[in-house]
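Colleague: This is the structure I have questions about; it appears just below.
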Amino acid sequence: MLVSKTTTVACGNTCKNMCKTLETLKEFHIPRDVSMRDADHLSFIDVMLGLIPIIVYDIVLQKVVTHDLADQIIDDKVRNETLDTAVTSQTNNTDNNSAFNNTTQTHRKLKNWTIVKAIEEIANVQKLTLRLEKVKAHSGVIHNETADQLAREGCLKPVCYPNLQSLTFVNAVSCWNTETIEESLRHFTKKLGTAKHSIKWRLLNQNISTISAFKSKQIQWKSSWRTTMLSYIDRNVTDNKETRQRAFNVKLFNNELPTLEKLKDRFPKIYENDSCIRCNLEKKDQVHVLTCPKNLIDIHSCRNKFINMLVSKTTTVACGNTCKNMCKTLETLKEFHIPRDVSMRDADHLSFIDVMLGLIPIIVYDIVLQKVVTHDLADQIIDDKVRNETLDTAVTSQTNNTDNNSAFNNTTQNLYMIMLLKIAVIGLGCIK
């Protein structure tokens, strides 16, 4: 492989004797006792373990002249392809390297690995030959359609736990609080850390009064954090609009928006009144921002838009066949009801106010999951756009004119000028 790559790059004119030269190198010899490594001299065992001899690099460099071409030839592929050949040769059959897969315990990277191991053991005991074939989804393949139907039914049934003590292929089982860990330990540790983070956040003083332990169990925390943070880990670029949206979501989620209620609490000498300047009916807190009667679009319209967008996205992904009654189902959920006193949040029960503030109910996620079967598709539907587009409608509707929100901007500027004047007066008083 080394000679072949060098010949290709150097056009073959200077590599005639390269193979013999490499074969005679002591750095490529294989010792008689291959279980021992010489501490003073390199051998092919060291090359297989990842050490590239200088003399080998120099021979290649002499043929191709430049270091860039030499680095291109002696890259990870030369050693790794050779290593793959050696490692793969450990398997004595050609059935997808099943023996190697068993010895390396690849089940650690699988979800529900105990079920996979149970199926594998049944196949071995009964001497069954399993062949997996990938087919296009929703293309009319009878067995694939049957599998989809069984998956939908399985979502509503209790979790299946095989008898791990009877599995001969399983040497050890990881547990947490006597519960079997049905996924990789790395993934489980991440989930455990996220759960602890969510619990700490809920137990903050500012959240205890609005989210009880009972209410916390009704929340799909993973989706709530994802829709709030707008994760861009799968993209190479960010934009200012998304950054501003994320900052707004986090402040809304943590009740830290600079509303008049907060400003009056922080600067009581400047803000003497925390009543909403548009309706003058209630104090302006973050809930009132979304529910003010002076909003162009009321919260009932936002609720309808949220439900319609959720149904529309689910229908698109699920091909529309199973989503006929989904709209009515969502409309009847108590988690989507709007309380009479919209300024108050129930500490024990979710409402659409909580959804607007960033909390995704578990039952809503489960309804979507039942339609699209997989968690990936459910996460794709209940993403940042559903709640944030609805939220954009609610926030934008606070302006009661269409001239670039000029009236609202003028009011804000007037308040800003009043604040500056008060600061100046306070400053002069202190100087005097």
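Only the coordinates and a few stated rules stand behind these numbers; no lab work does. Because the structure is a prediction, the values reported are computed rather than measured. Backbone-built Cβ (ideal geometry, glycine too); neighbour counts: all protein chains shown.
Colleague: If you take the beta carbon distance between Ser275 and Thr316 as r and set R0 to 60 Å, what does 1/(1 + (r/R0)^6) give as a FRET efficiency, to the nearest 0.05?
Modeller: Efficiency computed from Cβ-Cβ geometry: 0.85.
Colleague: Give me Val125, Val116, Val3 sorted ascending by neighbouring Cβ count inside 10 Å, so fewest comes first.
Modeller: Val125, Val116, Val3
Colleague: Using the structure shown, list the pairs from Lys117/Lys371; Lys190/Lys324; Lys222/Lys269; Lys191/Lys262; Lys196/Lys264 with a Cα-Cα distance above 30 Å, or answer none.
Modeller: The answer is Lys190/Lys324; Lys222/Lys269; Lys191/Lys262; Lys196/Lys264.
Colleague: For the residues Cys19, Cys323, what sequence is obtained by ranking on other C-beta atoms within 10 Å, fewest first?
Modeller: Ordered from fewest to most neighbouring Cβ atoms within 10 Å, Cys19, Cys323 come out as Cys19, Cys323.
Colleague: Here's another thing I want to ask about it. Can you give me the distance in nm between label points at Leu51 and Asn207, each placed 7 Å from the Cα along the Cα-to-Cβ direction?
Modeller: Taking the simple label geometry, Leu51 and Asn207 are separated by 5.3 nm.
Colleague: Under 19 Å Cα-Cα from Lys20, which lysines qualify once same-chain neighbours fewer than 8 residues away are excluded?
Modeller: Lys5, Lys63
Colleague: Obtain the nm distance between the two label points defined at Leu156 and Asp265 by a simple spin-label model: each point lies 7 Å from its Cα along the Cα-to-C-beta direction.
Modeller: Spacing of the two 7 Å Cα→Cβ label points: 4.5 nm.
Colleague: At 7 Å along the Cα-to-beta-carbon direction for both Ile30 and Asp376, put a label point, then send me their distance in nm to one decimal.
Modeller: 4.1 nm
Colleague: Ok, one more. How much length, in nm to one decimal, is gained on full extension between Ser184 and Thr332, taken as 0.36 nm per residue of separation minus their Cα-Cα distance?
Modeller: Result: 49.5 nm gained on full extension.
Colleague: Still on this model: Between Thr66 and Val250, 0.36 nm times their residue separation minus their Cα-Cα distance comes to what?
Modeller: 61.0 nm
Colleague: Relative to the present Cα-Cα distance, how much length would full extension add between Ala147 and His300 at 0.36 nm per residue of separation?
Modeller: My answer for the length gained is 51.1 nm.
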